[in-house]
Amino acid sequence: MSSLGLALVTGASRGIGAAIAEKLAQTGFKVLINYQSNEAKALEVKTRIESQGGSADVIRFDVGDDVQVTEAFKKIAANDEPLRVLVNNAGISRDQLVLRLDPKDLMEVLQINLLGAIYCSKEAAKLMLKQRQGSIIQMSSVVGEMGNAGQTAYAASKAGLIGVTKSLARELASRSIRVNCVTPGYIETEMTDALTPQQKEAIVKNIPLGTLGLASDVASLVAFLAGPDSRYMTGQVLGVNGGLYI
């Protein structure tokens, strides 16, 4: 049995989510790798964790479907180990100028990025309240703080997570459940790999530290918020953006 209990990371089959899952496993949690469609990638993350001596399992459900979320958490509750950490990382973007924004795209972004995090937080809180401990970490974005042209839907969903963080922190603090929010800036992932060198150069010019971040930069902060060293922190919004938004 893992000495630290379970850590559920949504959208953990690739990118920042995968890095978070691996980091939490390294610190002693048994990690539940959530995915919605790409089982092969999720299993690759599981294999990497186990090859490093960690413990992990995969769990498939759509965070934007409240019924699937409820059923998934019933399975988690039946586990021998308690749920100690929830990282709401799952998210999508449907970038478009607001005048051209399709209502279906808008609703899909809000459903997954914002409502999905609320659904998962609600179910996790039910388990953590009984244990009188836990850490919920919302993965927002620097775009939720500063905005960005063409990303109204995405920015709305990520800004919403900041409000969710602060409200839940107040609701759950009396039972020693902490809720914090991480706002990554431009991080090297598959998404940034698709950018042209010119696009990357234009982005980096606006970053005071002069470089893109790494997924490990974000994962290290999440691991800190998940562990005991952050015991006196709740309701906080912490940026990992190289100074892009100060």
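Worth pointing out:
- Per residue solvent-accessible surface (Å²) - the chain, probe of 1.4 Å: 49 Å²
- The residues packed around residue 212, meaning those with a beta-carbon under 15 Å from its beta-carbon, carry a net charge of -3 if Lys and Arg are +1 and Asp and Glu are -1.
- Taking every alpha-carbon pair under 8 Å whose residues sit at least 6 apart, the range 128-173 reaches a relative contact order of 36 percent.
- Counted charge near residue 84, where neighbours are those whose Cβ lies closer than 12 Å (Asp, Glu -1; Lys, Arg +1): +2
- Of the DSSP H helices in the chain, those whose Cα atoms cover at least 15 Å axially and whose Kyte score averages 1.6 or more: 215-226
- Summed side-chain charge close to residue 229 - residues other than residue 229 whose Cβ falls under 15 Å, Lys, Arg +1, Asp, Glu -1: +4
- Percent carbon-and-sulfur accessible area, the chain, ignoring ligands, DNA and RNA, probe 1.4 Å: 51 percent
- Solvent-accessible surface ranking, highest first, for 231, 132, 60, 175 at 1.4 angstrom: 231, 60, 132, 175
- Counting lysine pairs in the chain that sit 8 or more residues apart in sequence, or on different chains, and whose Cα atoms lie under 16 Å apart gives 11.
The values are calculated or read from the model by the stated rules, or taken from the named source; none is laboratory data. Values in this document were obtained by computation on a predicted structure and should not be read as measured data. Because the Cβ atoms are built from the backbone with ideal geometry, glycine has one as well, and the counts that use them run over all protein chains shown. The accessibility values were calculated without ligands, DNA or RNA, using every heavy atom of the protein model including side chains. Shrake-Rupley method; radii C 1.70, N 1.55, O 1.52, S 1.80 Å.
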